[in-house]
Amino acid sequence: MTHPLIQLDNINKSFVTDDIETLALSNIELNIEKGEFVAITGPSGCGKSTLLSLLGLLDVASSGHYQLNQHQTEQLSKGNRARIRNLEIGFIFQSFNLISELNVYENIELPLSYRKDLNKADIKQKVTEVLAQVEMSHRSKHFPSQLSGGQQQRVAIARALVGSPSLLLADEPTGNLDSKNAQMVMDLLSDLHKKGATICMVTHDNHSAAAAPRRISLFDGRIVEDTKPPQIDAA
């Protein structure tokens, strides 16, 4: 029996500011299988980024249960959450979040520096492989300021991939790009999906969302639509 990569059961998330409680997510029930590419859409303030933060173990739910790759997450210590994040999750951000003082190779290498199970040769091999995968090997010694926006996002994707995570989380990955570079990044994500990657992408852009076979729409913190690709019966 196979288990979903992601299982959310009755997830609720509230924020309290100045004694006012705001319900950001309400009764979220969601399973995502290994190998799926899911676009999470909806208007501003509907809970998209909050949901992505919970999936990425950057925040915790107010109530409910979240299981990631059979890890029950709500009772994890901060240290164990960080360890699972490093092993299981790759993040791709709208603003790239590259470190300006590090070159391309060093930016990609950084997440592996926390891994005790890898030696220098292992790390070099992994970085070299993902550089080739995103077609940035020729820029490995360049710094972020020397790259275009599209190239910086390719480096950010390589950094997300380098640890061989179970899950890629992309937060508006084309939000800071022109149409040409946005299409290049979406083509790369689609190619990764075809090769077996599991991707959850928050986007407000319908063109980018159309690249994902499954689309989840949020409104006022609730899932109001979950459009899955049609099932193909085996012959």
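Checking region 95-102 against the condition returns no match, with no residue being under 19 Å from the mean Cα position of the chain (by Cα), open to solvent by less than 60 Å² (accessible area, probe 1.4 Å), within 27 Å of Leu54 (Cα to Cα) and among the small types (Gly, Ala, Ser). Within the bounds of region 193-214, is there any residue that is of a type in the set (Asp, Glu) and outside any loop (DSSP other than H, G, I, E, B)? No: region 193-214 contains no residue that is of a type in the set (Asp, Glu) and outside any loop (DSSP other than H, G, I, E, B). Of all the numbered requirements in (1) charged (D, E, K, R); (2) open to solvent by 70 Å² or more (accessible area, probe 1.4 Å); (3) assigned to a helix (DSSP H, G or I), Arg81 misses one, and that requirement is (2).
Okay, residues lined up against (1) out of contact with any Gly (no Cβ under 7 Å at 6 or more places or on another chain); (2) among the aliphatic types (A, V, I, L, M); (3) within 30 Å of His71 (Cβ to Cβ):
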site: Asn107; (1), (2), (3): yes, no, yes
site: Tyr114; (1), (2), (3): yes, no, yes
site: Gln133; (1), (2), (3): yes, no, yes
site: Ser145; (1), (2), (3): yes, no, no
site: Val155; (1), (2), (3): yes, yes, yes
site: Asp171; (1), (2), (3): yes, no, yes
site: Asn176; (1), (2), (3): no, no, no
site: Leu189; (1), (2), (3): yes, yes, yes
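A single entry from Ile216, Ile232 fulfils the requirement of being at pLDDT 95 or above, aliphatic (A, V, I, L, M) and at negative phi: Ile216.
I need the full set of residues from region 103-116 which are open to solvent by 50 Å² or more (accessible area, probe 1.4 Å) and not in a loop (DSSP other than H, G, I, E, B), in order please. So that I can check it myself, show each step before the final result.
Step one: of region 103-116, the residues open to solvent by 50 Å² or more (accessible area, probe 1.4 Å) are 106, 109-110, 113-114, 116.
Once the filter is applied, which keeps residues that are open to solvent by 50 Å² or more (accessible area, probe 1.4 Å) and not in a loop (DSSP other than H, G, I, E, B), region 103-116 yields Glu106, Glu109, Leu110, Ser113, Tyr114.
Taking only region 11-67 into account, find how many residues are among the aliphatic types (A, V, I, L, M), over 18 Å from Gln94 (Cβ atoms), in a loop (DSSP other than H, G, I, E, B) and open to solvent by 20 Å² or more (accessible area, probe 1.4 Å). Result for region 11-67: 2.
The values are calculated or read from the model by the stated rules, or taken from the named source; none is laboratory data. The shown structure was predicted, so the numbers you read here are calculated from the model rather than taken from an experiment. For neighbour counting, all protein chains shown are included, and Cβ atoms are generated from backbone atoms with ideal geometry for every residue, glycine included. For accessibility, only protein heavy atoms count, side chains too; no ligands or nucleic acids. Shrake-Rupley method; radii C 1.70, N 1.55, O 1.52, S 1.80 Å.
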